[in-house]
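Data first, discussion second: the structure below is written as structure tokens.
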Amino acid sequence: MKRIKIIDVLKSTEYGKDVCVKGWVRTHRSSKAVDFIALNDGSTINNVQVVVDPSKVDEELLKQVTTGACIGVIGELVESQGAGQTSEIQCKEIEVYGLCGNDYPMQKKGQSFEVMRKNAHMRLRTNTFGAVMRIRHNMAMAIHTYFHEHGFFYFHTPLITASDCEGAGNMFQVTTKNLYDLKKDESGKIIYDDDFFGEQTSLTVSGQLEGELGATALGAIYTFGPTFRAENSNTPRHLAEFWMVEPEVAFLDQEELMDLEEDFIKYCVQWALNNCKDDLEFLNKMIDKTLIQRLEGVLKETFVRLPYTEGINILQEAIKNGKKFEFPCNWGDDLASEHERYLVEEHFKKPVIMTDYPRAFKSFYMKQNEPVQTSEPSGASVGYKGAVAPGPTMQGTDVLFPQIGEIIGGSVREESYDKLMGEVERRHMDTTHLWWYLDTRRWGSCPHAGFGLGFERLILFVTGMQNIRDVIPFPRTPKSAEF
């Protein structure tokens, strides 16, 4: 008999019909009169209840049906007499595919997330991780659907690169060289002539630079793929391997970029509410009782658009009124997560798009705001409500979310070759591997903008999970690449 997915069985009202289901045992309750097996195949958070008459099934076979075992069941679909379910299966035949002993690490008793991370090869079978992974799939579908419907082209950028987009230097090197016998020059530097690519290469931290090339040819593109950062950060918000969504759009200005960011993220949240109802209700009950309320709140609110200078003013006013922060927040400081979350969760109580950051801690490719004529220090620029920034600012557009902090980092890109080269020289950057990027500003340059969305951070927000290691199937973190 052909197998039917449990999600479809639970929707069916063809009572009296025989069905075949296959999956993994969540629980097995036994008595002399009747056994109840809760079976799940991953297609839904909900289990189907299999009712077994012990007198009609081999006793030794029934003993093998333990938590975690993989079985197939053929039986009659009937209307359920129990609460909380519409259908159940009156068992006629059971086949055991895979036994599961008492040492199975994902027993029904509550497991801590730390224990489950140590058993990442098995944790996907739990209700929580099944829900998270189904939502992760749906968010990927939402992203592709949104961009397709809005005329963007899916653009594949390389995972192996010779350039460092962010300038951070924390990259994983890719090489075919014999690490036990490295050829070096007289100064001790490694010679890469005999390496596969003939030069030093690494795993990419971003597809943005190549994405900009796509935007200047196709008009609007997006990338969606894995990126890598060799940053030794053991925090609930960092991974060494993570997925990024990076749209780039020609002829887009700062206001239009913020419109895109807000519309895109609201679309993803609405998609989750429309398509992941059962999983969200489970996570709302078990993980975060404010989850659905928070998701619905994002859709109702217009995101605040807040220049960095005014944000600093708000934070400093909060400090004067007794608010304690671990990190400083003077003009020119890169805001910490605690500052971002204060603005979003306590001051505005809604998402914030922060703009016009100081040049000092933003990337070289961002478009610099024009200085204004004031009595303030040279290069000052006007911020929110006429507030004057004491230094040059860049047209950044970072989206800050409750519980998460920064979820999107975006900016208008500098399209002028001379201005971009001026910033490169000011930062004393090596342009050896950036010549092709600079060429885009020499030949047919155009105004353009884009952003990067950390996919796992989106999943954190949509699921209510607290650790980024729990929203990716197999997390890669310092000293951890086991599974």
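Observations on the structure shown:
- Here R441 fulfils each of the conditions (1) open to solvent by 30 Å² or more (accessible area, probe 1.4 Å); (2) closer than 25 Å to G214 by Cα apart from (1).
- Pairs where the first residue, in segment 356-367, is within 13 Å of D418 (Cα to Cα) and the second is of a type in the set (S, T, N, Q), C-beta under 9 Å, 6+ apart: Y365/Q208; Y365/S411; K367/Q254; K367/Q395; K367/S411; K367/S416
- Taking (1) in contact (Cβ under 8 Å) with a residue 40 or more places away in the chain; (2) touching a helix residue (DSSP H, G or I) at 6+ places or on another chain (Cβ under 9 Å); (3) part of a loop (DSSP other than H, G, I, E, B) in turn, M106 satisfies each apart from (1).
- Residue among F196, F147 that is of a type in the set (A, V, I, L, M, F, W, C), farther than 18 Å from I472 by Cα and part of a helix (DSSP H, G or I): F147
- L77 meets the conditions (1) within 17 Å of I4 (Cβ to Cβ); (2) out of contact with any Leu (no Cβ under 8 Å at 6 or more places or on another chain); (3) surrounded by fewer than 15 Cβ atoms within 10 Å (Cβ to Cβ); (4) touching a residue at least 40 places away in the same chain (Cβ under 8 Å) in every case but one. The failed one is (3).
- Cβ pairs under 8 Å, 6+ apart, first in segment 254-283 and under 20 Å from T128 (Cβ atoms), second open to solvent by less than 30 Å² (accessible area, probe 1.4 Å) and not in a helix (DSSP H, G or I): D278/T44; D278/I45; D279/I45; F282/I45; L283/G464; L283/M465
- Residue that is surrounded by the most Cβ atoms within 10 Å (Cβ to Cβ) [pool: residues in segment 199-223 that are assigned to a loop (DSSP other than H, G, I, E, B) and polar (S, T, N, Q)]: T204
- Going through (1) surrounded by fewer than 17 Cβ atoms within 10 Å (Cβ to Cβ); (2) closer than 15 Å to D18 by Cα one by one, G98 falls short only on (2).
- Scanning segment 320-330 for residues that are open to solvent by 80 Å² or more (accessible area, probe 1.4 Å) and of a type in the set (A, V, I, L, M, F, W, C) returns a single hit, F327.
- Yes/no for H156 being assigned to a helix (DSSP H, G or I), open to solvent by 60 Å² or more (accessible area, probe 1.4 Å) and out of contact with any strand residue (DSSP E or B) (no Cβ under 6 Å at 6 or more places or on another chain): no
- Among the residues making up segment 453-464, those that are open to solvent by less than 10 Å² (accessible area, probe 1.4 Å) and not polar (S, T, N, Q) are L453, F455, E456, L458, I459, L460, F461, V462, G464.
- Residue that is open to solvent by 40 Å² or more (accessible area, probe 1.4 Å), touching a residue at least 12 places away in the same chain (Cβ under 8 Å), in a helix (DSSP H, G or I) and within 18 Å of F282 (Cα to Cα), where the choices are R134, R125, R117: R134
- So M106, is it closer than 29 Å to V25 by Cβ and open to solvent by less than 20 Å² (accessible area, probe 1.4 Å): yes
- Check on L434, in contact with a helix residue (DSSP H, G or I) (Cβ under 7 Å, 6 or more places away or on another chain) and under 21 Å from A360 (Cβ atoms): no
- Scan of segment 28-56 for residues that are open to solvent by less than 30 Å² (accessible area, probe 1.4 Å), of a type in the set (V, I, T) and either out of contact with any Gly (no Cβ under 9 Å at 6 or more places or on another chain) or free of Cβ contacts under 8 Å to residues at least 24 places away in the same chain (or both), ordered by number: I37
- Cβ-Cβ under 6 Å pairs, at least 6 apart or on other chains, segment 181-210 side free of Cβ contacts under 8 Å to residues at least 40 places away in the same chain and of a type in the set (F, W, Y), far side in a loop (DSSP other than H, G, I, E, B) and open to solvent by 60 Å² or more (accessible area, probe 1.4 Å): Y192/E199; Y192/Q200; F196/T176
- Any hit, segment 69-84, residues being over 24 Å from T126 (Cβ atoms) and either assigned to a helix (DSSP H, G or I) or under 36 Å from the mean Cα position of the chain (by Cα) (or both): no
- All conditions but one from (1) at negative phi; (2) open to solvent by 30 Å² or more (accessible area, probe 1.4 Å) apply to I468; the one that does not is (2).
- Among the residues of segment 332-354, the ones that are more than 24 Å from the chain's Cα centre (by Cα) and modelled with pLDDT under 95 come to 2 in all.
- Among residues of segment 8-26 being within 32 Å of the chain's Cα centre (by Cα) and within 20 Å of I71 (Cβ to Cβ), the one that is most open to solvent (accessible area, probe 1.4 Å) is W24.
- Exclusive hit being at pLDDT 95 or above, touching a Phe, Trp or Tyr at 6+ places or on another chain (Cβ under 9 Å) and open to solvent by 50 Å² or more (accessible area, probe 1.4 Å), set E255, E241, E246: E241
The values are calculated or read from the model by the stated rules, or taken from the named source; none is laboratory data. Here the structure is a predicted model, which is why all the values come from computation and not from measurement. Please note: Cβ atoms are built from the backbone with ideal geometry, for glycine as well, and neighbour counts cover all protein chains shown. SASA here: full protein model, heavy atoms, side chains in, ligands and nucleic acids out. Shrake-Rupley method; radii C 1.70, N 1.55, O 1.52, S 1.80 Å.
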